[in-house]
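Read the structure below first, then the notes.
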Amino acid sequence: MSFANQPSPNDVGVAVVGAGYWGPNLIRNFLASDHMWLWSVCDLDVDRARRVLGRHTSVHVTNDLDDILGDPRIEAVAIATPARTHYGIARACLEAGKHVLVEKPLALSSSDADRLVALAAERGLTLMCDHTYCYTPAVNWIRSETARGTLGRIQYIDSVRINLGIIQPDADVFWDLLPHDLSILDSILPAGIEPTAVSALGVDPVGAGRACVGYVTMMLPGAGIAHVHVSWLSPVKIRTTIIGGSHRYVVWDDVNPAQRLSIYERGVDVSTFSAPDDQREMMVQYRTGDMMAPALGEHEALGEVARHFTECIRTGRAPLTDGRSGVRILRILEAVDQSIAEHGALVPLNERARRDVAAEVLT
Ligand SMILES: NC(=O)c1ccc[n+]([C@@H]2O[C@H](COP(=O)([O-])OP(=O)(O)OC[C@H]3O[C@@H](n4cnc5c(N)ncnc54)[C@H](O)[C@@H]3O)[C@@H](O)[C@H]2O)c1
């Protein structure tokens, strides 16, 4: 670690826009980064930004985005403002030639997100989504094991993300919490495996004017299924995901730092065979092996986000959570909205699935 009070030549000069609840976490990690130099923080509320930085700082504070867009020392901008502003700010930054890190969700529609992806590609700039959970040691472990095939075929994913949460003024519980689970799913499923259809139901039992409790079911290729329960109305905080693989089961309990991951060598094998009377017989075998808890290094995911963002900027490599992953997540969120409007109808997610459902309806 260097303690110079000047940027080194290879540092990525950055600015953060938005210093509310989440922005300070980015600011803290950028200030601690060995590869970044934080030049500026922009917030409509400059006093808030000043309070976040404290008195002993040389980081510039502004409420004018143009100060950042016109500063040649700033190569990259992290956007932690409310979701409705992401598209406009990200677009302005890309047009000014800045690399961009955007908080979830990337935009309010997949078509706007698509435009950002195209603009970044046209300008040769990095566009990355801060899907923070994808950079945790637990998700890194699960991703590498699913890629190596050690869990076997993914049969189901069951996720619960509930607590007494802040009822957001401009988003329902799906748009607030579901992006986390969708980005985790997007990052751990083996390449080419994506949800094919989604069904969702939500309720607003407290009169908040938006869904506060919701259930989302997604069909996965190969007879798999994923289910996510999100809620702002739970007295207890639960962040648990169970991944059922044909070889192993994984239980990820994110609120249990002593043992976040448990891997079970357990499962059910079913085989069928022909009986002498020409009937099909079924044999069920239960595997009841060991449970092991992998040793995960502890690191703050946002530190890894900062490191990966700078690496992608310097190498031109596509980020793990690039703009395209943001688009995929928005397509599912849009399908969730459609399903809710159609009282839980199963909404196909890609062209082929749409054709299959249409064919099923016709036959
Ligand atoms: N990655 C995560 O785990 C995570 C966690 C929480 C929030 N978030 C995301 O972070 C973003 C911000 O959420 P928050 O809870 O910090 O919101 P917030 O309302 O607490 O803070 C937003 C800040 O942006 C400022 N702002 C609004 N419009 C602006 C503009 N046009 N220019 C400059 N500043 C502007 C506001 O003054 C405020 O200080 C959201 O997209 C949210 O989804 C991500």
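May I ask you to list the residues in segment 56-90 that are away from the ligand (no atom under 15 Å from the Cβ) and in a strand (DSSP E or B)? Result: A76, single match. Residues of segment 165-195 that are away from the ligand (no atom under 16 Å from the Cβ) and out of contact with any Pro (no Cβ under 6 Å at 6 or more places or on another chain): I188, L189, P190, A191, G192, E194, P195. Scanning segment 91-104 for residues that are in contact with a strand residue (DSSP E or B) (Cβ under 8 Å, 6 or more places away or on another chain), within 15 Å of the ligand (Cβ to nearest atom) and not in a helix (DSSP H, G or I) returns K98, V100, L101, V102, E103, K104. Kindly list the number of the only condition in (1) surrounded by fewer than 17 Cβ atoms within 10 Å (Cβ to Cβ); (2) at pLDDT below 95 that fails for G267. The number of the failed condition is (1).
Please find, within segment 334-363, the residue that is modelled with the lowest pLDDT out of those that are part of a loop (DSSP other than H, G, I, E, B) and exposed (fewer than 10 other Cβ atoms within 10 Å of the Cβ).
Looking at residues that are part of a loop (DSSP other than H, G, I, E, B) and exposed (fewer than 10 other Cβ atoms within 10 Å of the Cβ), I get T363.
Please pick out the residue among R210, R161 that is touching a residue at least 24 places away in the same chain (Cβ under 8 Å), crowded, with 20+ Cβ neighbours inside 10 Å and basic (K, R).
Being touching a residue at least 24 places away in the same chain (Cβ under 8 Å), crowded, with 20+ Cβ neighbours inside 10 Å and basic (K, R) holds for just one of R210, R161, which is R161.
For segment 165-191, the tally of residues that are part of a helix (DSSP H, G or I) and among the charged types (D, E, K, R) stands at 3. Is it the case that L26 is away from the ligand (no atom under 15 Å from the Cβ), hydrophobic (A, V, I, L, M, F, W, C) and surrounded by 19 or more Cβ atoms within 10 Å (Cβ to Cβ)? In short, no. If only residues of segment 25-49 that are among the β-branched types (V, I, T) and not in a strand (DSSP E or B) are counted, the one that is farthest from the chain's Cα centre (by Cα) is V46.
The values are calculated or read from the model by the stated rules, or taken from the named source; none is laboratory data. All figures in this text were calculated on a predicted structure; none of them were measured in a lab. Note that we place each Cβ from the backbone using ideal geometry, even for glycine, and neighbour counts take in every protein chain shown.
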